[in-house]
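A quick write-up on the structure given underneath.
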Amino acid sequence: LHEPNAMTLSTVSPDGQPWSRTVLLKAYDGQGFVFFTNYNSRKAQHITANPKVSLLLPWVELQRQVMIVGEAEKISAAESLKYFTSRPYNSQVGAWVSQQSSVVSSRSILAAKFQEIKDKFKDGKIPLPSFWGGYRVKPTRIEFWQGARSRLHDRFLYSKIDDNWTIERLSP
């Protein structure tokens, strides 16, 4: 399975327009599901206006998918730093270079900025940008789907009510 942690993040803009894009699931625990991004990106602006999001992990080759519905919130700077320092050097540089979702007139501008940032941090230690970090999606619903040749797919919906989870089987 190629990139099983690739997931579709869906947000809604302030004017009600849904937007979807692929992000990578980088951590999960009892609190939720974590991904990282530029805090000035379109997705971050949407989350600031409306933290309700959905995630979809489509494992087409396995005829399975997991859909997660919940609210996104920023993780701590310490958590973001821990992940940031684990990233390859060029990925750390890239976080400083990209003004995600903004218009750029040419790729050569990005390449020049990349070299500029590499020169700036030539000692090898790159600090965590204040505009970059993680979000944790705290789930309120998780649906598991398993495809079947008969089209009688298996679906289970886990719903969080207060601090308890209920499980329901859904009709395909």
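Side notes on the structure shown:
- Odd one out for Q17, checked against (1) at pLDDT below 95; (2) farther than 30 Å from Q146 by Cβ; (3) not small (G, A, S): (1)
- Every residue from region 76-135 that is assigned to a loop (DSSP other than H, G, I, E, B), basic (K, R) and at pLDDT below 95: K122, K125
- Answer residue from region 127-151, given it is surrounded by 10 or more Cβ atoms within 10 Å (Cβ to Cβ) and over 24 Å from the mean Cα position of the chain (by Cα) and is farthest from V53 (Cα to Cα) among those: A148
- Among the residues making up region 24-61, those that are under 22 Å from S102 (Cβ atoms), crowded, with 19+ Cβ neighbours inside 10 Å and among the aliphatic types (A, V, I, L, M) are A44, I47, V53.
- Take the conditions (1) buried (at least 16 other Cβ atoms within 10 Å of the Cβ); (2) under 26 Å from Q99 (Cβ atoms); (3) of a type in the set (S, T, N, Q); S86 misses just one of them, which is (1).
- Inspection of region 57-65 finds a residue satisfying the criterion of being over 10 Å from the mean Cα position of the chain (by Cα), in contact (Cβ under 8 Å) with a residue 40 or more places away in the chain and either part of a loop (DSSP other than H, G, I, E, B) or within 25 Å of F131 (Cβ to Cβ) (or both).
The values are calculated or read from the model by the stated rules, or taken from the named source; none is laboratory data. Only a predicted model underlies this, so the values are computations on that prediction, with no experimental measurement involved. No Cβ is skipped: glycine too gets one built from the backbone with ideal geometry, and neighbour counts run over all protein chains shown.
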